[in-house]
Structure formats: structure tokens, C-alpha cells
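What follows is a set of notes on a single structure, which appears directly below.
The values are calculated or read from the model by the stated rules, or taken from the named source; none is laboratory data. Computed from a predicted structure; not experimentally measured. Please note: Cβ atoms are built from the backbone with ideal geometry, for glycine as well, and neighbour counts cover all protein chains shown. The area values use the complete protein model at the heavy-atom level, side chains included, leaving out ligands, DNA and RNA. Shrake-Rupley method; radii C 1.70, N 1.55, O 1.52, S 1.80 Å.
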Amino acid sequence: MRFLSGVFGRTNGLSLLAVVCALTMPGAAQAGFDYDERGNAFVTGQALVSFKQGTSLLTIKSILAKYGADPSSIQFVDPQTAVVNFDQRKDVLSFCQQIGASSWANAAAPNHVGYVYSSPNDPLYPYQWGLAAPGAKTGADFVGAWTYVQNYNNLRTGTKVAVIDTGLDLRNVDFGSFPSDASFLPFNSNIYARMTFTNATPFAVPQLNPPTSGFAPGAPWDDFGHGTHVAGIIAAKTGDNTGVAGGAGASILYPLKVADRSGTYTEANLAAAIRFAATNGCRVMNMSLGGSPGTNAFAVTNAVMFALTQTTDTTVIPNTTFKGCVLVAAMGNTGTQTPLDPAEIPGVVAVGAQNPDGTPTFYSTSGPWITLIAPGGDGGAGGGGATNNSGQIFSTYPRYNVSMGPPLIPNPAFTNHSYMSGTSMAAPHVAAAAALLLQKKPYLSQAQVCAQLAMFSRHVAPIGTLTNANGSTVQVPDTAFDNNNGYGRLEASYLLAGKQPTGNPGIITGIPHVFPFSPRNEENYPATGVTLPTTDRTQFTATGLDTIDIVKGNASNFFRVTIVDDQGEHLRSAQVIAHFVLLYYPAPSPGVYPSGYPGETLNDIALSDLGTTGDLLSNDCIYANGIFIPGDYSNCILQVQYKVQNAVANNGTSLKPNTNRVVNVIVK
């Protein structure tokens with residue numbers, strides 16, 4: 001088994017913290033990297049700076065020169081964010097500390113690096129249990145999904161999908177043949193991209209010898225092996241009697257190379273790739289990679305927010321604007337509750353890994369930001385899985401030598417393929433399902449796709465319940481969730497059919513379905529759950545997904561929910577109210593409580609789907625509003641009840657009210 005973890009640690013001033021057995025990881029302690037105070041690796045001499053709007057380039061260069069930066073080497077990631085170069089590590093860290101509250105910059109941080117997640121390899125559809133219908137192994141049933149999509153395997157008729165990774169074996173027969181010119185315009189292939197974002201010189205090591213003749217410098221050749229495997233799960237040609245099948249074989253593939261031959265990428269490269277994909281019409285992005293927690297990855301977060309609100313592909317259906325890109329990211333292979341970017345960023349579909357029996361894998365990172373799980377592999381012979389590696393994920397692999405080593409294959413003839421395991425393999429199953437869904441229904445917004453991935457998954461956790469003060473309970477729709485499985489397992493056939501899997505707990509139809517999971521109010525969650533004190537529990541509490549969220553006291557917080565109809569589509573109209581109940585107040589002395597306690601506290605606030613919060617789009621099915629939480633409520637626990645009334649489904653059907661969905665929030 002081969003994995004790469006996204007968790008960095010500092011060991012004797014060197015590199016990574018291994019978190020599961022039989023892991024091999026690229027060393028961060030190589031030339032070109034330093035460490036911040038937390039031990040997180042960053043590019044030597046590089047900082048990311050977010051400049052305040054209106055600051056001129058002349059002013060920027062003048063100020064940076066005073067701090068010892070090289071004003072001639074500024075590289076802009078977006079109009080307000082740039083990579084700034086210094087001579088030494090201490091200059092970077094000192095600079096970032098000093099300008100935190102300056103009049104010309106919003107934020108600064110070292111240009112941290114992250115690593116792709118990975119594991120072993122192999123070819124041909126009989127080896128691809130992840131795409132198969134549930135049987136001896138619990139696959140995601142792409143075979144059933146294909147029956148709902150016309151031309152599901154016709155080249156260049158599908159969704160534009162960016163694989164932001166280590167590049168691609170551009171000559172691999174599973175992706176078709178195409179002209180070897182610099183433009184990479186598709187001929188008989190679904191490969192469309194020509195971008196590489198890493199500054200590493202490809203293939204300088206003699207044994208790395210891809211057939212690059214005929215391709216312009218900068219072609220995104222995969223010199224590591226990871227990106228080719230991930231891309232094959234999504235977009236290998238299907239039904240062509242060659243190699244393996246892809247979950248969404250008609251997709252137009254954009255292999256954007258951000259990581260070098262060690263599997264290492266920078267936040268600047270990742271942010272640039274996300275923006276490139278969004279502005280070039282990629283409706284889906286797969287990111288089987290992740291960086292260290294707590295690195296203040298504002299460049300990546302800003303790029304994600306840009307992509308979530310990007311309008312794309314307006315020519316596919318006349319007079320139709322497509323709202324937002326679907327960003328899919330691997331949770332990571334830490335085996336613990338470790339928030340890693342980009343998976344933990346609000347709005348990203350965060351994917352954990354499942355074993356062939358459908359249970360979460362031992363290595364899959366968990367946490368309340370997870371969306372769902374998908375086939376990721378059991379780790380193989382080296383990771384406690386099947387000794388013949390049949391429990392791993394089989395996909396495409398470079399035909400030439402790469403840093404990850406030779407392919408792991410069941411037959412010496414399968415040299416274009418390999419087995420691997422990891423959340424890196426789980427994420428592209430979900431990205432492929434999203435691409436298929438958008439191929440069938442290209443009018444869906446990003447928020448609708450996210451809601452449908454949750455709503456039509458195979459729920460594993462029990463449905464959440466409300467317990468009233470008198471002890472009576474009631475089930476809450478759409479709350480079957482836990483930190484290991486998310487909303488459940490991917491079943492692509494039900495997703496494309498637009499219905500919940502038979503046997504899902506608590507299926508309720510004819511109501512608006514409320515998902516307060518994405519985006520969230522805050523990115524930071526407690527490492528462990530918080531138990532509501534029983535002494536002050538005067539109303540009712542929730543179990544399941546809605547246990548704890550975090551908001552800020554003496555500040556305005558944007559409360560956001562995604563609301564869809566039974567088919568997971570946009571409502572024609574609805575009245576959405578956020579109603580607050582004070583559940584717990586840490587009284588400084590007996591009998592000292594805020595006004596209105598126990599019971600209702602803040603005024604009811606209406607949420608709207610009008611895009612008024614700055615990072616939302618009009619009519620994308622996200623309802624939101626900014627709500628001020630007084631400082632008096634710090635360390636209190638509030639319950640937010642989302643009441644949806646007068647809702648009309650996309651097909652014109654009137655829906656019954658849904659007044660049960662709640663979120664318990666801690667005020668910090």
C-alpha cells in the first residue's frame with residue numbers, strides 16, 4: 001500500500017508525522033522548504049499577501065522593498081493576492097507578523113505547501129469494484145447511473161472536469177489519442193487542458209522519461225503517478241474495449257498540474273489552478289490533495305469562494321446561467337479528526353473513503369465537515385486489506401517510470417494501470433458522479449448538486465431526533481449524518497435517478513429539504529463534540545448532524561442553508577425563517593440570566609435566496625442572511641430552528657411546512 005498523508009509534523013526539524021501504518025510520504029525537508037512556528041512547511045523565502053483594495057502597484061513595491069522583499073518578483077495569484085519573495089525564512093515570518101494590521105494589507109502568511117493523498121494500482125472493468133453495483137463488494141453503482149444519461153460515454157459531450165493534481169500521462173490509451181501539438185485541442189480524446197502550475201522542472205531525473213516529443217514546454221505530464229490514477233477514475237474512456245472505464249467517460253478533462261514529482265504543491269499554485277478552472281468553464285473540480293491545518297490558507301479559500309460563485313457555460317443551454325463550480329476534495333488519510341484544506345473549506349464537497357464492505361476505512365479522516373464517503377480501497381496487502389489487493393481501487397497509471405514507483409498490478413500485461421487506496425481515490429468517484437449529474441441536468445447550481453449528493457446517498461447513520469421537554473421525540477428529515485460517513489455512501493444510480501435509496505431512514509416526501517451543511521458559519525470546529533448541560537436544557541435538543549456549530553458573539557454571522565424540493569432542485573418560492581431558542585447560559589451566579597431566558601431570545605430573521613451576502617448567487621437555492629449575535633451571549637448555546645413555509649417545488653407543487661430542522665450553536 002502507498003499513501004500520502006496531508007498532515008505535516010515536525011520531527012527533529014525535519015518533515016512529516018506518519019499517522020497510519022505502512023505509509024510512505026514525500027519528505028518536506030528538502031531544498032526549497034522551511035517551517036513556520038507550528039512546523040508547517042512553506043516555500044523558502046515566499047509569502048502570500050492579500051492587499052487592500054485600491055492599493056497601487058507602485059505603493060506595494062515601495063512598501064515591500066522596505067521589508068526586504070524583492071519588488072521585481074511579485075507574482076499575483078488574483079487582483080489582490082500575490083506571492084512575495086524574500087531571502088530568508090526569518091524575513092518571511094517577521095514580515096507576516098508585522099503587517100497583520102497594516103493599512104495596506106488584509107493578511108499575510110508563508111506560502112505553505114501540501115501533499116497529494118494516494119495508494120496502490122490496476123486495470124480493466126472487472127477489477128473496478130468501485131464503479132460496480134453493490135454486490136459482493138459495495139460499489140457506487142455507476143453502471144446503473146449510466147442508464148440515466150444519454151451519450152454517457154461519447155467523447156466531449158460531457159461536463160468539463162478539472163483534475164487538480166500531479167498531471168497526466170498524456171499518451172495513456174485510456175484517454176484516447178490526440179494531436180501532439182502545443183494547443184492540445186481535442187481530436188479523438190477527452191483531454192483539453194495544457195496548463196501546469198508547478199515551477200518544478202519536469203523529468204530532470206534520468207529515469208523519469210515520458211515521451212514528451214511534440215508537446216510544448218509546460219505540458220502537464222505526470223511525473224509522480226497520482227494524477228493519472230485519479231483522472232482515470234473520472235474520465236477514462238468507457239465502452240471502447242481498452243483498459244478501464246471512467247465513471248464519467250464523456251467528461252472533458254482538464255489535467256491541471258500543481259504538484260511536482262514529490263507530490264508537493266503550494267497554496268499559490270492550488271489557488272491559481274482553481275481560478276483557472278473556474279474561469280475556463282470547469283463545472284467540476286477534483287482535488288485529491290490537502291495541506292496542514294491552521295495555516296491560514298486565505299489564497300485557497302478566496303479561490304474556492306470565487307469558484308463557488310462563478311457563472312459558467314452560458315452557451316450550453318440558451319438563456320441559462322450556470323451557478324457555481326462543484327469543488328470536490330479528499331478528506332485526507334490521517335485516520336483522525338484533522339481539518340485539512342481544501343476539504344474543510346465551506347462549500348467544498350469533502351469525501352471520505354469506504355472499504356469494499358461499505359464501512360469507513362481505517363485511514364479516512366473524519367469530522368463534521370465531511371459530506372459523504374465513496375470507494376477508496378482497503379489499503380491492500382500492505383495496509384491490512386486483501387492480500388491480492390483486490391480491495392483497492394484500480395485505475396490508469398503512467399506507462400513510464402514515475403516517482404511513486406512501478407504499478408501494483410495483478411497481471412504483468414497491465415502496465416498502463418495500477419491499484420491504489422486512499423481518500424484520493426474516493427474523491428474522484430464523487431467528482432465523476434457530479435459530472436454525470438451535470439451532463440444530465442446542466443442547469444443545476446453548485447448548491448443543488450451538493451444537496452443532491454447528500455440527499456440521495458445511502459444513509460448509514462441513524463436519523464436525527466428532537467427531544468421535547470416532556471420526553472417525546474420526533475424524527476428530523478435529512479439528518480442521517482455522522483462524522484465518519486457524512487450523509488452516507490455514494491450510490492450514483494440513485495443520484496442520477498433523483499430519488500433516495502430504498503431503505504434510507506426517515507424518508508419524508510412532499511416537504512422542502514433543508515441542509516445547513518454548506519457553506520457553514522465558521523471553519524473551526526471543536527476537536528470533540530460538546531455535550532449540552534442537562535441542568536439548563538429547557539426546550540428541546542437535537543442529535544445527529546445538528547449537534548454543534550460555532551458563531552461569534554458581538555458580531556454578525558451569516559447563517560446559510562441549502563433548501564431543495566424532493567428532486568433536489570430549486571424551489572420556485574419559499575418563506576424561510578431562522579428562529580432562536582437559548583438552550584444554555586453559564587450563569588455567573590444562581591438566577592442570573594439574560595432577558596427572555598429560558599425560551600425565545602433573538603428576533604426571528606428571514607433568510608432569502610437573493611445573493612445579498614456577497615459570496616452567494618441569486619436563485620442558487622442557498623438561503624442566507626447576516627444575523628448579529630450580542631456579546632452577552634458569549635459561551636451560551638443557542639438553538640436555531642429553520643422554519644420553511646409556503647414552499648413551492650420546482651414543478652409547481654405546493655410543499656408541506658418543514659419546521660423541525662435545527663442547529664445548536666456555541667457563541668464564542
How much area per residue is accessible in the stretch 325-375 when the probe is 1.4 Å and only protein heavy atoms are counted (Å²)? 14 Å²
Return the distance in nm (one decimal) between the two label points of a simple spin-label model at Asn619 and Thr502, each offset 7 Å from Cα along Cα→Cβ. 3.7 nm
What is the set of long-range amide H partners of Val326 at a cut-off below 5 Å, with H atoms built 1.01 Å from backbone N? Val284, Met285
Under 5 Å between amide H atoms, partner at least 5 residues away or on a different chain: which partners does Trp221 have, H built in plane at 1.01 Å? Leu168
What is the Cα centroid distance between the stretch 82-96 and the stretch 429-501, reported in whole angstrom? 44 Å
Residue-by-residue Karplus 3J(HN,Hα) for the stretch 238-252, coefficients 6.51, -1.76, 1.60, Hz, glycine and proline x: 10, x, 10, 6, 9, x, 9, 9, x, x, 9, x, 8, 4, 8
Hey, can you find the accessible area per residue of the stretch 444-515 for me, probe 1.4 Å, expressed in square angstrom? 29 Å²
Can you give the net charge of the other residues whose Cβ lies under 11 Å from the Cβ of Arg171, counting K and R as +1 and D and E as -1? -2
Summed side-chain charge close to Ala162 - residues other than Ala162 whose Cβ falls under 12 Å, Lys, Arg +1, Asp, Glu -1: +3
When we measure straight from the Cα of Lys90, which lysines land under 22 angstrom away, once same-chain ones fewer than 8 places off are left out? Lys61, Lys66
What share of all Cα pairs of the stretch 388-430, in percent, falls into each consecutive 10 Å distance bin? 27, 55, 18
For Ala105, residues with placed amide H under 5 Å, excluding near neighbours: Lys52
Take the Cα gyration tensor of the stretch 320-421, multiply each eigenvalue by 5, square-root it, and list the three semi-axes largest first, rounded to whole angstrom. 28, 19, 12
Can you order the peptides 256-266, 567-577 by their average number of other Cβ atoms within 10 Å per residue, highest first? 256-266, 567-577
Taking 0.36 nm per residue of separation and subtracting the Cα-Cα distance, what length does fully extending Gln645 through Ala555 add? 29.6 nm
Each residue of the stretch 557-571 in order: what ³J(HN,Hα) in whole Hz does its phi give by Karplus 6.51 cos²θ - 1.76 cosθ + 1.60, θ = phi - 60°, with x for Gly and Pro? 10, 8, 8, 10, 9, 9, 10, 9, 8, 4, 8, x, 10, 5, 6
Please label the shape of the stretch 227-292 as rounded, prolate or oblate, based on the square roots a ≥ b ≥ c of the eigenvalues of the alpha-carbon gyration tensor (a/c under 1.5 means rounded; beyond that, a/b larger than b/c means prolate, else oblate). oblate
Under a straight-distance cross-link criterion of Cα-Cα below 28 Å, which lysines are reachable from Lys323, leaving out those fewer than 8 residues away in the same chain? Lys52, Lys160, Lys237, Lys257, Lys440, Lys441, Lys499, Lys643, Lys656
Test of the criteria: in the stretch 372-481, which chymotrypsin sites (Phe, Trp or Tyr not before Pro) are in a DSSP loop and have at most 15 other Cβ atoms within 10 angstrom of their Cβ? Tyr443
Segment Ser73-Gln475, length gained on full extension (0.36 nm per residue, minus Cα span): 138.9 nm
